[in-house]
Amino acid sequence: MNNKISLICETEEMRLDQFVSSELEDLSRNYIQKLIGEGHVSVNGTVNTVKKFLVKIDDEVEVQIPDPQVLEITAENIPLEIIYEDDDVIIVNKPQGMVVHPAPGNYTGTLVNALMYISERLSTINGVIRPGIVHRIDKDTSGLLMVAKNDKSHEWLAHQLKEKTTIRKYIAIVNGTISKESGTVDAPLGRHPQDRKKMAIISTGRNAVTHFEVIERYKYHTFVRLRLETGRTHQIRVHMASIGHPILGDPIYGQKNERVKHDGQALHAKKIGFVHPTTMELMTFDSDIPFYFQELLRKCQGLK
């Protein structure tokens, strides 16, 4: 059963999420906002899902805190390419088609299941279903990921991501021929207003910057190198589609009736770099171009 907590507002106007957060200090603001959005908070007997709603003096706020869901994520002996490992971090080269962490309805076969098999220690900051995961890449994007083996390392790596001091470079094959040698897409990203599974360029979105440069041009495609300043969800995919050059094989933002058929976008996280949490030395890692990507390049090159 849910745990119900009743609160009485004893101050002048205050945002609902701020009021609940001030009363229940052991809960994070993000978790409280999630509870509000999911309809677990009511004001004067009426469910209120607006976090900015202003509660007034003598308003009664009831918070229902769901019982924690018991999850058992099991370690699985799944082949995984480890580029580097020490007491603090693991650098893994994720294959295309592998989901990074478990989610409702998909608790096996993920990168996390594989990591739990090879390492007894992973950071706990992101909870039971995302141990060690500091950042993620899409299921059909291949390439390098940083994994934290303890909470101290996790916090340090997450700080570098937030401060935009990590090195994150990708390669991609895009549709169409890009005429200029390089460029930058600076456009804010947020949830698509009609389709919540998609991201879109919207004025109220979060700052997002992608730099690109041409490696090689083909008749119908361009092989590009990309550098991220920010790491928003689907950032490269949305940004490249926005300038008329969607990623080859992208099932969401891509081009229909492509000349080269491929399941999943031709996008690979090739290089990553960060300051090590213990040694404070800059470490960089580079990966080989995966076989599926090389095959796509050959197909693009062969089109007449």
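The values are calculated or read from the model by the stated rules, or taken from the named source; none is laboratory data. Only a predicted model underlies this, so the values are computations on that prediction, with no experimental measurement involved. Note that each Cβ is placed from the backbone with ideal geometry, even for glycine, and that neighbours are counted across all protein chains shown.
Quick one: which residue in Ala148, Ala75 is modelled with pLDDT of 95 or more and among the small types (Gly, Ala, Ser)?
Exactly one of Ala148, Ala75 is modelled with pLDDT of 95 or more and among the small types (Gly, Ala, Ser), namely Ala148.
Residues of region 85-103 being within 20 Å of Asp151 (Cβ to Cβ), modelled with pLDDT of 90 or more and not β-branched (Val, Ile, Thr), which ones?
Glu85, Asp86, Asp87, Asp88
For region 225-246, check the following and say yes or no: at least one residue is over 24 Å from His192 (Cα atoms), surrounded by 21 or more Cβ atoms within 10 Å (Cβ to Cβ) and either among the charged types (D, E, K, R) or not assigned by TED's automatic domain parsing to the domain that holds Asp186 (or both).
no
Of the residues that sit in region 119-166 and are part of a loop (DSSP other than H, G, I, E, B) and small (Gly, Ala, Ser), which one is farthest from the chain's Cα centre (by Cα)?
Selected residue: Ser119.
Which one of these does Gln194 not meet: (1) part of a loop (DSSP other than H, G, I, E, B); (2) touching a residue at least 40 places away in the same chain (Cβ under 8 Å); (3) surrounded by fewer than 16 Cβ atoms within 10 Å (Cβ to Cβ); (4) not β-branched (Val, Ile, Thr)?
(2)
Do we find a residue being assigned to a loop (DSSP other than H, G, I, E, B), crowded, with 20+ Cβ neighbours inside 10 Å, out of contact with any Phe, Trp or Tyr (no Cβ under 6 Å at 6 or more places or on another chain) and modelled with pLDDT of 95 or more anywhere in region 167-178?
yes
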